[in-house]
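A.B. asks: First the structure, which I've put down as structure tokens, then a few questions once you've had a look.
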Amino acid sequence: MIVGMRPNGAAGRIRAAQSEDRAWLEARPALRLGAMVRRFTTLSGLQWYHDHPVERTLEALGEIAEIAAGGGQRPSSAYARENLAMATSLTDRLGSARAEGLTPEEQDEAWELLVTIPPRTLLRRDDPDAHADLVLVNEAHWHAEGVSTAYGAASAITAVGYFRPDDRWDVASRMAGLRVRYEDEPDARSEVAAEITATLSRFLVDYDTWWRAQGD
């Protein structure tokens, strides 16, 4: 995915947008549980592409149990509740693997579970595109849940777009363009955020329609 030349000062604008995104979540501690479940599932989708060490996904999984024990706002949508239940189940299965210093065998076992269970549970799929689509679906659902900002959702989808930019809904490439606009056009951020939200809302409808057609 190639982005054209950016106006001067892009690095500073990106850092500022990322800082504002973190501050948005920090100001809403009741959303921490949903935010960590969202992060874990997106990391598990990216894990398939070896985007990061398996320990990072395991760390996110481990934090879910700690946050849940402290209370907080529980997910309201069916997808979010199923996502939390899946993460909790994986926490039980991978409890001993969350420790530092995993053996190669433990890493392989953890990796296999982290890249197979989430798409099979949440998408009922295990095809080659399931991992990238999991990130799209996950980010769209949690944004609709109110757990993430439009910029945060677009940024996460752009990350998986580097590995699979040509999804059948053209969501990854659109999110990449909208993320850049959000960063480069501070005065238009409200409009760009609204476009991101509308695009992801339409995507969920389109994805559901596509998925239903697979069973015909």
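The values are calculated or read from the model by the stated rules, or taken from the named source; none is laboratory data. Not measured: the values here are computed from a predicted model. All Cβ positions, even for glycine, are placed from backbone atoms using ideal geometry, and neighbour counts span all protein chains on display.
Residue-by-condition table, conditions (1) closer than 30 Å to Asp166 by Cα; (2) charged (D, E, K, R); (3) within 15 Å of the chain's Cα centre (by Cα):
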site	(1), (2), (3)
Arg13	yes, yes, no
Ala27	no, no, no
Gln47	yes, no, yes
Gly70	no, no, no
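A.B. asks: For Gly152, are the conditions met, namely being touching a residue at least 40 places away in the same chain (Cβ under 8 Å), assigned to a loop (DSSP other than H, G, I, E, B) and within 30 Å of Ile14 (Cα to Cα)?
C.D. replies: Here the answer is no, as Gly152 does not meet what is asked.
A.B. asks: Given (1) surrounded by 19 or more Cβ atoms within 10 Å (Cβ to Cβ); (2) at pLDDT below 95; (3) under 27 Å from Phe163 (Cβ atoms), where does Ala17 come up short, assuming only one miss?
C.D. replies: Of (1) surrounded by 19 or more Cβ atoms within 10 Å (Cβ to Cβ); (2) at pLDDT below 95; (3) under 27 Å from Phe163 (Cβ atoms), only one is false for Ala17: (2).
A.B. asks: Pick from Phe163, Phe203: which is outside any helix (DSSP H, G or I) and in contact (Cβ under 8 Å) with a residue 12 or more places away in the chain?
C.D. replies: On the way: Phe203 fails: outside any helix (DSSP H, G or I).
Going through Phe163, Phe203 in turn, just one is outside any helix (DSSP H, G or I) and in contact (Cβ under 8 Å) with a residue 12 or more places away in the chain: Phe163.
A.B. asks: Does region 19-50 hold any residues that are in contact (Cβ under 8 Å) with a residue 24 or more places away in the chain and either among the polar types (S, T, N, Q) or outside any helix (DSSP H, G or I) (or both), and which are they?
C.D. replies: Of everything in region 19-50, those that are in contact (Cβ under 8 Å) with a residue 24 or more places away in the chain and either among the polar types (S, T, N, Q) or outside any helix (DSSP H, G or I) (or both) turn out to be Thr41, Thr42, Ser44, Gln47, Trp48, Tyr49.
A.B. asks: Return yes when Leu61 is surrounded by 14 or more Cβ atoms within 10 Å (Cβ to Cβ) and modelled with pLDDT of 90 or more and no when it is not.
C.D. replies: For Leu61, the condition - surrounded by 14 or more Cβ atoms within 10 Å (Cβ to Cβ) and modelled with pLDDT of 90 or more - is met.
A.B. asks: Would region 174-189 turn up any residue that is touching a Leu at 6+ places or on another chain (Cβ under 6 Å) and crowded, with 18+ Cβ neighbours inside 10 Å? Working first, answer last.
C.D. replies: Step one: filter region 174-189 for residues touching a Leu at 6+ places or on another chain (Cβ under 6 Å), giving none.
No, the conditions are met nowhere in region 174-189.
A.B. asks: Here's another thing I want to ask about it. Need the failing condition index for Gly146 against (1) on the phi > 0 side of the Ramachandran plot; (2) in a helix (DSSP H, G or I), just the number.
C.D. replies: Unmet for Gly146, out of (1) on the phi > 0 side of the Ramachandran plot; (2) in a helix (DSSP H, G or I): (2).
A.B. asks: On the given criteria, is Gln73 surrounded by fewer than 17 Cβ atoms within 10 Å (Cβ to Cβ) and part of a loop (DSSP other than H, G, I, E, B)? Give the steps one after another, and end with the answer.
C.D. replies: Details: surrounded by fewer than 17 Cβ atoms within 10 Å (Cβ to Cβ): yes; part of a loop (DSSP other than H, G, I, E, B): yes.
For Gln73, the condition - surrounded by fewer than 17 Cβ atoms within 10 Å (Cβ to Cβ) and part of a loop (DSSP other than H, G, I, E, B) - is met.
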